[in-house]
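Report on the structure given below.
The values are calculated or read from the model by the stated rules, or taken from the named source; none is laboratory data. Since the model is a prediction, treat every value here as computed from it, not as a measurement. Backbone-built Cβ (ideal geometry, glycine too); neighbour counts: all protein chains shown. Side chains are part of the model used for accessible areas, which takes the heavy atoms of the whole protein and leaves out ligands, DNA and RNA. Shrake-Rupley method; radii C 1.70, N 1.55, O 1.52, S 1.80 Å.
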Amino acid sequence: MLNPSEYPVQLVQPDGHRVLAPEHAALVADVGPEQIRALYQDMVLTRRIDTEATALQRQGELGLWAPLFGQEAAQVGSAHALQADDYVFCGYRETAVAYCRGVPPGDLTRLWRGAAHHCWDPHAVNMTNPNIVVGSQGLHATGYAFAAHMDGADIATIAYFGDGATSQGDIAEALGFAASWCAPVVFFCQNNHWAISEPVQLQSSTPLAHRAYGYGMPGVQVDGNDVLAVLAVTRQAVARARFGGGPSFIEALTYRMGPHTTADDPTRYRSDAETEQWARRDPIDRIRRLLELEGHWDDEFARHIAEQADDVAHLVRTATIGMPDPAPTELFDHVYNTPHPLITEQRREYLEYLTGDPGWSSAPPEGVSR
């Protein structure tokens, strides 16, 4: 049962030493050295993907990018708690979740380059594409979870959002509906302390997890830079949802080390001292220290991870730069699930504009098919 606590759930301290927390440690008792190394690997690789994508934007190859630097443990730990048939509703920063769900690294930048309406096929990985409308994914996840429950599917649905989204009406409505109808959804709030330039203290005078109690669902705060603790509490919430216990709320306390997006300058609203304080709680360094303390770190493993990081960075870069430009008519694809007369008419008018031919009898321009 997720219960209120005076302190966030923590299983590994920033210095790598384990924390005596029997209830939550039992939830990850099966996670041995190899699984911890796998968690470490996913965090390192997704940070490298993030770093490469940020560089690509600075070099003019992407229109925008929302960095996840510093939030790797919250995303990787929670993603590893999910099963393949669970469904993920994300915001726009969940690159690590997408990677862990099996999205090819080369697809992660398609939307941000403007080469497509989307990054990946959501049906292939049971995860929606990046959602720019802040907080709306909470409603989508709740509706999907309730429908899955009505269909008899024993799955969990998880909605990722940031601390700023908790001030949106969509999240409030989603929490109310989910609690009233016992929808099997996990609300996963990555509290990275800054909603663009607004600190979390202006979002709420109490911990965000406490909002769950007002809606009649359990809530928990977890150290979002502790990948094992995140894995533990997410496993607990997912199991609750899957087996009929209803919704839960997780507040993962982490920190956005970089800008809100590459269009943002965080030095204008936060201090270097604050950033340096959180740098000492780095989620990747924490698990490396744990592996070192417990004798599961060696140079060969470090070299292997570094080589993989170089490979994935190269893959992201070459895939991004090599993306073909979309055909103009792709603008009208996938707007509706089935043909729609309004879209058909708009497509016809646009083709007339492109060809200068009201009857569109002449040869279409390059990239336009009849």
* To do: Would you check if Ala178 is in a loop (DSSP other than H, G, I, E, B) and either open to solvent by less than 20 Å² (accessible area, probe 1.4 Å) or among the β-branched types (Val, Ile, Thr) (or both)?
  => no
* Which of (1) open to solvent by less than 10 Å² (accessible area, probe 1.4 Å); (2) under 19 Å from Phe161 (Cα atoms); (3) out of contact with any strand residue (DSSP E or B) (no Cβ under 6 Å at 6 or more places or on another chain) does Met257 not meet, given it meets every other one? -> (1)
* Asked: How many residues are free of Cβ contacts under 8 Å to residues at least 40 places away in the same chain and either part of a helix (DSSP H, G or I) or open to solvent by less than 20 Å² (accessible area, probe 1.4 Å) (or both) when one looks only at the range 189-211?
  -> 3
* Asked: Can you tell me which residues in the range 92-107 are buried (at least 23 other Cβ atoms within 10 Å of the Cβ), more than 16 Å from Ala124 (Cβ to Cβ) and not charged (D, E, K, R)?
  -> Thr95, Ala96
* Asked: Within the bounds of the range 35-46, is there any residue that is closer than 23 Å to His260 by Cβ and of a type outside the set (A, V, I, L, M)?
  -> yes
* Structure fact -> In the range 286-309, anything free of Cβ contacts under 8 Å to residues at least 24 places away in the same chain and charged (D, E, K, R) is listed as Asp298, Asp299, Glu300, Arg303, Glu307
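Residue by residue, here is whether (1) among the hydrophobic types (A, V, I, L, M, F, W, C); (2) at pLDDT 95 or above; (3) farther than 22 Å from Glu52 by Cα; (4) in contact with a Leu (Cβ under 7 Å, 6 or more places away or on another chain) holds:
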| residue | (1), (2), (3), (4) |
| --- | --- |
| Arg101 | no, yes, no, no |
| Pro105 | no, yes, no, yes |
| Arg113 | no, yes, no, yes |
| Ala116 | yes, no, no, no |
| Cys119 | yes, yes, no, yes |
| Pro130 | no, yes, no, yes |
| Leu139 | yes, yes, yes, no |
* Structure fact -> The number of residues in the range 56-71 that are in contact (Cβ under 8 Å) with a residue 60 or more places away in the chain and either surrounded by fewer than 20 Cβ atoms within 10 Å (Cβ to Cβ) or more than 15 Å from the chain's Cα centre (by Cα) (or both) is 7
* To do: Could you please find all residues in the range 324-340 being touching a Ser or Thr at 6+ places or on another chain (Cβ under 9 Å) and not β-branched (Val, Ile, Thr)?
  => Ala327, Phe332
* To do: Assess whether Ala153 counts as being open to solvent by less than 40 Å² (accessible area, probe 1.4 Å) and not β-branched (Val, Ile, Thr).
  => no
